[in-house]
Ligand SMILES: NC(=O)c1ccc[n+]([C@@H]2O[C@H](COP(=O)([O-])OP(=O)(O)OC[C@H]3O[C@@H](n4cnc5c(N)ncnc54)[C@H](O)[C@@H]3O)[C@@H](O)[C@H]2O)c1
């Protein structure tokens, strides 16, 4: 048995490494030739991923070979696709990367092969678009090949342990596909659960993100109310939380490729179906979280007004620009958006982040500033304003 993993990114490479570590031969396909070269020579292109170094050193170029050409994976029996799905400017899913990956797989697909999608997608994608791309590309019909969906549920930095411990679900577009996909994944995923179909598996992953987004929005709203009422939110939260109440932590909003993206899959689909009332809470929560930077901008400005200087001369330091502490990733980072918002208003803003160099910060169009050099420091992760 040989398994191909299409897309060797932060999600795909740890999965490919775990499959190789279970004794299965893996061919990784990734358009990035440099990355393929590194993997083949046993070097880990994602050093911040715990435990990945060791697996790539052990299997890179041996049990795990990487290639930029789909044809290099032509004699595999299973194809696992895990490339990004982003939103376009109107928050609709942009399927171009996914389509090109499946057209690539379609060219090399043979009778009896199984294809599993892992990228988070709007429910229904695997049984419609993916099936269509594969059938068109291969000339085969479903039944001659098998198709399933199993969402990646890793957390960057802890992917290997997540794959080995966290429950993972899998569902086929038909019964036989589900059965075969479950059998395949059981070889390398210990905590695996077969669900009714691919659409259910897709929905499971999307609603997990929605739950987080809505609850973070609730925490943000309650935080603002607590401040208004002169209540210590954190003290109240600690005593309010128990088995049936889990109030999340407030923040500057929600960033990254996952949580702020997935609610849109459902919001846009309900809009297409003119079921506007079905996704109202999801939409409001998205807005509430994205607008938290306005709240924090006001708080920063109020703090600046306490400094004995004209407002435009007060030196502000925004500390922490990544979307999450400890992860060098700025996609949809609200911390970065906050810094840009304050700079646009003409304030003297600099940023500091221990994961970035001053040069990297400059490339983002912002100034570097050490906290000690500032009059007002806002710590985006601690939500603390200091002078
Ligand atoms: N990173 C996470 O924490 C995480 C968590 C859960 C789910 N996911 C899912 O994984 C998906 C991928 O995320 P990621 O973090 O691995 O992305 P990434 O940007 O780190 O990696 C994507 C990789 O795909 C490659 N690629 C792009 N187009 C390709 C193509 N046509 N053929 C072959 N390779 C191609 C890129 O070169 C890159 O190496 C996400 O869209 C999400 O659905 C990610």
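Bear in mind that the values in this text are calculations on the coordinates, not laboratory data. Because the structure is predicted, anything quoted here is derived from the model rather than measured. Quick reminder, even Gly has a Cβ in these numbers, built from the backbone with ideal geometry, and neighbours come from all protein chains shown.
Miscellaneous remarks
- For segment 292-386: relative contact order, % (alpha-carbon pairs under 8 angstrom, 6 or more apart): 34 percent
- As a proxy for reagent exposure, 284, 5 were ordered by neighbouring Cβ count within 10 angstrom, fewest first; the result is 284, 5.
- DSSP beta bridges in segment 238-387 [antiparallel fraction, %, rounded to 5]: 30 percent
- C-alpha long axis of helix 292-304 to longest principal axis of the chain, angle in °: 30 degrees
- Relative contact order computed over segment 204-290 (Cα-Cα under 8 Å; 6+ residues apart), in percent: 45 percent
- Ascending count of other beta-carbon atoms within 10 Å, so fewest first, for 188, 381: 381, 188
- Put a dot 7 Å past the Cα of residue 274, heading toward its Cβ, do the same for residue 32, and the two dots end up 4.5 nm apart.
- Euclidean distance between Cα centres, segment 48-96 to segment 110-166, Å: 12 Å
- Antiparallel DSSP beta bridges within the chain, as percent of all bridges there, nearest 5: 20 percent
- In whole percents, the pair-distance distribution calculated for segment 254-301 from its alpha-carbon pairs, binned every 10 Å from zero, is 25, 42, 24, 8, 1.
- Under the criterion of Cα pairs below 8 Å and six or more residues apart, the relative contact order for the chain equals 11 percent.
- Here the chain yields Rg over Rh of 1.02, to two decimals, using C-alpha coordinates and the Kirkwood radius.
- Going from the residue with the fewest nearby Cβ atoms within 10 Å to the one with the most, 119, 50 rank 50, 119.
- Summarising the strand pairing of segment 1-137, around 10 percent of its internal DSSP beta bridges are antiparallel.
- Between segment 353-386 and segment 6-41, the Cα center-to-center distance that results, in Å: 35 Å
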